[in-house]
Amino acid sequence: MSILRVEDVVSGYGSMEVLHGVSLGVEEGQIVSLLGPNGSGKTTLLRTVFGILSPWKGKIYFKGEDISGIAAERIARIGMGYVPQEENIFPSLTVQENLEMGAFIREDDWQPRLEEVYELFPDLTDRRKSRAGELSGGMRQMLAIGRALMLNPELLLLDEPSTGLAPRLVDAIFERIVKLKEQGVTVFLVEQNAQALQIPDKAYILEGGEKKAEGGAQELLEDAEIGRLYLGR
Ligand code: ADP
């Protein structure tokens, strides 16, 4: 079953149309990647899915429910998490405080979830009391993901978690994403980096606000023309 369906979505900023009618689906339990060059509209798509932007046209369904135009906070409450590319942590707060902030709309006992997040990211456990602003780039990304996980999302939207990281750290982040999938979280992973084609079950290529290709990750990885045209290879 598709946990997320985007149907013919048109969206943008002010009078500038960025997405010109994009359709795609994310199957429950999978990692699905959205790749494409800088400026192709990937972040705009995530913002539209998560309710930060309203679609001008088209529909978005989450778990079968029409969420088009619904505010982000309500979308978060029904099980979707979003980790933006930037400004995704509070640098002046500690690691622990950042994770606690992630649980702010929970009214139940979130302490057990905190321990699960620390189990997934053991390096964060040692840095519980450090200010987030003092962490390395890789650790900050882990913290940003951990913060979103505090709400136990069924679907997690990740915007280029590998940006600016050394290849070894990119692998470490991707390993954690695979682990999340094993724990039952569905992941929609936006990346510019073709390295991201190593982990998804399925991938889409976006360019100029239009879907240019879709298929199994391996299939796209082996397609020389796609690599040359859209992935800078
Ligand atoms: P990508 O994530 O693929 O790099 P974006 O969705 O960030 O692409 O950007 C798509 C287009 O939208 C670009 O032309 C970009 O300049 C424009 N854009 C992005 N954010 C804004 C914004 N807040 N206001 C106006 N235009 C924006």
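Structure data summary
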{"read-out": "Flag if residue 130 is within 16 Å of the ligand (Cβ to nearest atom) and of a type in the set (Ser, Thr, Tyr)", "value": "no"}
{"read-out": "Test for residue 143: is it closer than 23 Å to residue 82 by Cα, more than 16 Å from the ligand (Cβ to nearest atom), out of contact with any helix residue (DSSP H, G or I) (no Cβ under 7 Å at 6 or more places or on another chain) and open to solvent by less than 50 Å² (accessible area, probe 1.4 Å)", "value": "no"}
{"read-out": "Residue tally, condition open to solvent by 60 Å² or more (accessible area, probe 1.4 Å), in contact (Cβ under 8 Å) with a residue 12 or more places away in the chain, under 26 Å from residue 186 (Cβ atoms) and not charged (D, E, K, R), over the stretch 86-106", "value": "1"}
{"read-out": "Strands (runs of 3 or more DSSP E) lying entirely in the stretch 150-233 (those with 3 or more residues that are within 16 Å of the ligand (Cβ to nearest atom) and open to solvent by less than 70 Å² (accessible area, probe 1.4 Å))", "value": "155-159, 186-191, 202-207"}
{"read-out": "Residue identified as without any contact (Cβ under 8 Å) to a residue 24 or more places away in the chain, open to solvent by 30 Å² or more (accessible area, probe 1.4 Å) and under 25 Å from residue 231 (Cα atoms) among 39, 25, 69", "value": "39"}
{"read-out": "Those residues of the stretch 110-132 which are closer than 23 Å to residue 164 by Cα, outside any helix (DSSP H, G or I) and more than 20 Å from the chain's Cα centre (by Cα), in sequence order", "value": "127, 130, 131"}
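The values are calculated or read from the model by the stated rules, or taken from the named source; none is laboratory data. What you see is a predicted model; the values in this text were computed from it and never measured. Ideal geometry is used to build each Cβ from the backbone, glycine not excepted, and the neighbour counts take in all protein chains shown. The protein model used for the area step is the full one, side chains on, heavy atoms only, and it has no ligands, DNA or RNA in it. Shrake-Rupley method; radii C 1.70, N 1.55, O 1.52, S 1.80 Å.
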